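Data block below; observations after.
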Amino acid sequence: MTNEFDNIQYAPIRNHPYERWFREVQYNGKELNEDEKKEFLQRVNDTISIHLEGLPVLKEALDDIKDLHDEFHDAQRIVISILQFTLTTMIDSMVISKYFILADKDYDRRFMRGKMKVILNEGFKKLYGFKGGKDSKWDELSSILKYFPDGIKKQYQELSSLLEEHSKSSSWWRDERNVETHLDIEKLYMSRCEDVVESKVMMESLRLYDTLYAVNLFLTNMHACFYNYLLDKYQRGELKEN
């Protein structure tokens with residue numbers, strides 16, 4: 001073994017306080033001033049830039065294992081593909097939030113609000129949905145939990161409970177999503193006529209982002225388990241250096 005490989009450290013498995021990203025925040029009537037908007041937009045741009053760095057890494061990881069179909073790599077593919085989903089949806093929700101804030105025409109703001117509701121509904125529906133998590137990205141993970149330690153299984157159950165509560169707490173803007181995607185023009189007109197309360201809209205957008213962020217942290221823990229498993233095999237001499 002080379003010194004370079006001997007010094008590789010195991011990836012930490014963190015016990016995150018997931019409930020903090022599921023807390024319901026009530027709109028308090030406060031609106032952002034121009035300086036606060038600029039600060040917010042800068043944070044959004046910085047966050048998007050950081051997240052974008054992960055997309056090509058995930059694509060390369062999926063390409064590397066596309067022809068490997070043993071149990072280990074099949075499980076790894078599920079985790080990486082769901083990481084790809086959460087990261088992409090987080091980025092998209094941030095981008096549409098940014099352009100909602102930047103819109104300087106009334107109809108533009110109403111249009112961006114409508115399209116934001118589509119992402120909010122579709123994002124949560126694909127992540128967990130409204131049928132106890134069945135046939136969702138989250139449900140896919142249940143098929144590979146048997147490969148993971150008890151700590152990961154416990155975190156999965158904790159997040160499952162939080163996601164279930166979230167799924168029952170509201171319709172996740174189902175009606176708005178339907179009129180936007182199906183172009184039900186009369187209902188769409190009425191929806192677009194609703195008052196735009198900027199800070200309230202932004203709080204609604206963050207609800208999905210925070211949920212995805214919590215799930216992303218959990219997926220990072222799962223991915224760390226794969227890394228540590230391979231490192232264990234290497235330390236035992238079961239893997240060769242390329």
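The values are calculated or read from the model by the stated rules, or taken from the named source; none is laboratory data. Just so we're clear, the structure is a prediction, and the values are computed from it rather than from any experiment. Reconstructed Cβ throughout: ideal geometry from the backbone, glycine too, with neighbour counts over all protein chains shown. Heads up: the accessible areas ignore ligands, DNA and RNA and are worked out on the full protein's heavy atoms, side chains in. Shrake-Rupley method; radii C 1.70, N 1.55, O 1.52, S 1.80 Å.
Per-structure values
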quantity: Residue that is assigned to a helix (DSSP H, G or I), aliphatic (A, V, I, L, M) and open to solvent by less than 80 Å² (accessible area, probe 1.4 Å), where the choices are Val57, Val95; calculated: Val95
quantity: Residue within region 121-129 that is open to solvent by 70 Å² or more (accessible area, probe 1.4 Å), at pLDDT below 95 and at negative phi present; calculated: no
quantity: Close pairs (8 angstrom Cβ cut-off, 6 or more residues apart or separate chains): over 18 Å from Asp92 (Cβ atoms) and outside any loop (DSSP other than H, G, I, E, B) in region 122-140, open to solvent by less than 60 Å² (accessible area, probe 1.4 Å) and of a type in the set (S, T, N, Q) anywhere; calculated: Trp138/Ser160
quantity: Within region 151-209, tally of residues that are within 19 Å of Phe124 (Cβ to Cβ) and among the acidic types (Asp, Glu); calculated: 7
quantity: Total residues in region 99-118, condition touching a residue at least 12 places away in the same chain (Cβ under 8 Å) and either farther than 23 Å from Phe85 by Cβ or open to solvent by 40 Å² or more (accessible area, probe 1.4 Å) (or both); calculated: 10
quantity: Verdict on Thr86 being under 19 Å from Leu162 (Cα atoms), open to solvent by less than 60 Å² (accessible area, probe 1.4 Å) and of a type in the set (Val, Ile, Thr); calculated: yes
quantity: Matching residues in region 26-36 - criterion: being part of a loop (DSSP other than H, G, I, E, B) and either surrounded by 10 or more Cβ atoms within 10 Å (Cβ to Cβ) or among the small types (Gly, Ala, Ser) (or both); calculated: Tyr27, Gly29, Glu31, Leu32
quantity: Qualifying residue in region 199-206 (condition: modelled with pLDDT of 95 or more and under 29 Å from Val95 (Cβ atoms)); calculated: no
quantity: Every residue from region 208-231 that is under 11 Å from the mean Cα position of the chain (by Cα) and not acidic (Asp, Glu); calculated: Leu208, Tyr209, Thr211, Leu212, Tyr213, Ala214, Val215, Asn216, Leu217, Phe218, Leu219
quantity: Near pairs, Cβ below 6 angstrom, 6+ apart or cross-chain, from region 47-71 (of a type in the set (Gly, Ala, Ser)) to any residue that is assigned to a loop (DSSP other than H, G, I, E, B) and loosely packed, with under 12 Cβ neighbours inside 10 Å; calculated: none
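Residues are listed down the side, and each one gets a yes or a no for (1) of a type outside the set (Ser, Thr, Tyr); (2) modelled with pLDDT under 95; (3) more than 17 Å from the chain's Cα centre (by Cα); (4) open to solvent by 50 Å² or more (accessible area, probe 1.4 Å):
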site	(1), (2), (3), (4)
Asp150	yes, no, yes, yes
Gln155	yes, no, no, no
Leu159	yes, no, no, no
Ser167	no, no, no, no
Ser171	no, yes, yes, no
